[in-house]
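Here the structure is laid out as structure tokens; the discussion comes afterwards.
The values are calculated or read from the model by the stated rules, or taken from the named source; none is laboratory data. For clarity, every value in this text was computed on a predicted model and none was experimentally measured. Because the Cβ atoms are built from the backbone with ideal geometry, glycine has one as well, and the counts that use them run over all protein chains shown. Ligands, DNA and RNA are excluded from the accessible area calculation, which covers all protein heavy atoms including side chains. Shrake-Rupley method; radii C 1.70, N 1.55, O 1.52, S 1.80 Å.
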Amino acid sequence: MENQPLLGNPDHNPSMQKDGRTSLLAPRRQYLDTPYPEVFEEPGPGLLPEYWQILRRRKVALILIVVLGLLTSLLLTIPQTPIYQARGSIEIQNLNENFLNTRNVSPTSDEGASEAAGSELQTQVKILQSDSLLDRVAAKLGIGKKLPPEEGSGRLAAWRKALGLPASTTAPTREKILTLVTKNLKISTETNTRLVEIRYDSADPQLAADFVNTLTTEFVQQNLESHYKTTQQTGEWLTHQMEDVRIKLEKSEDELQSYANASGLLFTSEKDNVAEEKLRQLQDELSKAQADRVTSQSRYELVSTASPESLPEVLDDATLKDYQVKLTDLHRQLAEISSSLTPAHPAVKKVQAQVTTLELALDKERTSVIQRIRNEFESAQRREHLLSANYASQARLMSEQAAEVTHYNILKREVDTNRQLYDSMLQNVQEAGMTSALGASNIRVVDSAEPPTRPYKPSIVLNSALGLLAGAFFGMAFVIAQERADRTIHGPGDATIYLDVPELGAIPSAKAVRGRLPSYYQNGKALESKKSENGKSWPVELVTSNRKQSPLADAFRATITSILYSGENGHRPRIIMITSTNSGDGKTTVACNLALALAEIGPSVLMQSVLLIDGDLRRPRLHEIFGVPNGWGLADLLEGKAPPNGCEGMVFKTSFRNLKLLPAGSSTVNVAALLHSPRAVAFLNRMRAEFHTVIIDAPPMLNMPDARILGRLADGVILVVRSAQTMRDAAVAANQRLTEDGTRVLGTILNQWDPRKTNQYNYAYGDKYY
């Protein structure tokens, strides 16, 4: 830097020359071409990854709360009295309510028979839980005697207790016993079955089993008694009604008999009287007589109009047929002898006489047949007239008795109705007696209860699991709420998530790696306690050079590698500003170690040196760290003061190769005004050309404008965030301000990161150093 002006001539500064024109206010900003969004919102991670990281970071508190939940469940479970549960089951079958046709005469209506089976089953379950049945079971088992007596209440009992006198006790009341039994009794039904499961809880296993079995027995007995009482009531009601019906039957029979005697009606049976029977017989006979008369009349009319020889009766008469055959034979004989003898011949006369006699007999027989037909017609006609007269007379008699017969039938129907009702009720009384004698039940015991061998509650396993779950739930809620209340950035990747900028590196805390280094390097001593040759402790700001094999040095080297590869289009940032949100985040330590890591690459790679500028003009520290004077520095240069030793003394050489330092200086004027001066632009342009990389240690930026002004002059800004200290809101606000200023944010560096708390990237800091 010999023979060079303080701020340089534009003609001698290539970085300030462009097309023959120079400008002190036009630095090279080749790294500001990247567009930035106009609206910045705080991004957030996904819920599951975020919660998982929270639980891992605070796993100790989570484990303690889970263990506390387990211990609490155990402490609440162990003192509890063991409770045993006895189980039994019964089957409730469908009862045939119409057995022996008793439903038709039952005075009560059983609507349950027509409802669904589920409703009937639920009804029986409610009966099992009824107070009357439970009272019977409790009385039979003497549960009231096994309960501790109750102490008296009221003012008298309070005074007795205050004076130390024995308290008056009373036996448990019926309500208390039923409440206890109802609380311990559980009844459930199996789906799509008629099975009912009965369970009872008790501290005494034998009492639990006895209660279930006694309840089942009493339920069956109560069911039998209910059916028996219903049947008995039905029989008594039927007997009473039957007596009334019998009296009515006898009265109606007496009235019927008296009316029949008074009216003179005679009956051949219970349904028919004599007059009706006689009229019906006359009607039948008259019908037959009329039919016979019609038949006889048709035959008679035929005889009167036709020749006798053509009548069917004549043709079918055997005697006439015989006469006709004989007459034919005689005519044949007469014809034969007439051919040879004269009519006067005795033989001819004899045959002629026979023919004449036979013809007379034939005519007489025909006349007799015709007369018989006439006689039959006349006889049928006379019989018809007589029957008609008798029928008319009997019909007149029936007409006279019609009203009496109608009244008699009314009385008779009443007698029949009463007799039928009496017979039916007599049969039902007999059937009811048989039903009550049978004693049928629709309840069948499937499984009897046995005394349980092991208590079912309290369950240590179940309560422990519930305690663990409750502890895990409240533990997660506690750590998540605590994490929500903690707005700081903790582990690697958090800054990238919230700021949406690259994370260039993570610097572990010196305490985190203390005692984890190999014996040949540290011998178990802390980094800060290692002594140099002059007896001074090595500061952590110089650990990259003084402890080259330490994890801290490797972390800074990895970070500087990320910075060198953060360029765009093959151009790397030449002027880098290091800042933070607040003081104490370790920006100075990061700036020093990054400069040392870059400088140690060597002259074979770096053709120029690395310049470290102390831009914190309010609280400078770099001169103390590197042991150089602070009488003249950046502030004096910006004021236009000349270096005390000429241009050669503008920057100071350090004890580290390839690293030079420009301290802050001792000026006390307005710092912001100095940074806004054109000299700052010209100076940085000159330093960009003369040095490989310029690193500026700037002050915190939230409360002071210095870092924002220097960021506009630099090629890129690196924001240092301290683990568990830098607030997310502050980091987001700082990043947003830089982005709004048009400053390129290269990324963030996580400082003072404790891998033991975040449990990330643990392989590099384990028991065996990689």
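Observations, loosely collected:
- Every residue from region 700-721 that is surrounded by 23 or more Cβ atoms within 10 Å (Cβ to Cβ) and either under 53 Å from the mean Cα position of the chain (by Cα) or in a loop (DSSP other than H, G, I, E, B) (or both): Met701, Ala714, Asp715, Leu719, Val720, Val721
- Close pairs from region 213-238: first assigned to a helix (DSSP H, G or I), partner open to solvent by 50 Å² or more (accessible area, probe 1.4 Å), Cβ under 6 Å, at least 6 apart: Asn213/Ser448; Thr214/Lys140; Thr216/Val445; Glu218/Arg136; Trp237/Pro107
- Hits in region 177-202 (condition: out of contact with any strand residue (DSSP E or B) (no Cβ under 9 Å at 6 or more places or on another chain) and in a helix (DSSP H, G or I)): Ile177, Leu178, Thr179, Leu180, Thr182
- Hits in region 626-642 (condition: open to solvent by 10 Å² or more (accessible area, probe 1.4 Å) and out of contact with any Leu (no Cβ under 7 Å at 6 or more places or on another chain)): Gly627, Pro629, Asn630, Gly631, Trp632, Gly640, Lys641
- When each of Leu74, Leu55, Leu68, Leu62 is tested for being modelled with pLDDT of 80 or more and open to solvent by 100 Å² or more (accessible area, probe 1.4 Å), the lone residue that passes is Leu68.
- Every pair of residues 6+ apart whose Cβ atoms lie under 9 Å, when the first sits in region 185-207 and is closer than 26 Å to Lys146 by Cα and open to solvent by 40 Å² or more (accessible area, probe 1.4 Å) while the second is of a type in the set (S, T, N, Q) and in a loop (DSSP other than H, G, I, E, B): Ala203/Thr81
- Leu386 over 60 Å from the mean Cα position of the chain (by Cα), open to solvent by 60 Å² or more (accessible area, probe 1.4 Å) and over 23 Å from Leu330 (Cα atoms): yes
- Filtered residue count, region 256-302, keeping only those that are modelled with pLDDT under 70, aliphatic (A, V, I, L, M) and open to solvent by less than 50 Å² (accessible area, probe 1.4 Å): 2
- Of everything listed in (1) among the aliphatic types (A, V, I, L, M); (2) open to solvent by 20 Å² or more (accessible area, probe 1.4 Å); (3) at pLDDT 95 or above, the single unmet condition for Met727 is (3).
- Region 471-485, subset touching a residue at least 40 places away in the same chain (Cβ under 8 Å) and surrounded by fewer than 18 Cβ atoms within 10 Å (Cβ to Cβ), residue farthest from Ala733 (Cα to Cα): Ala472
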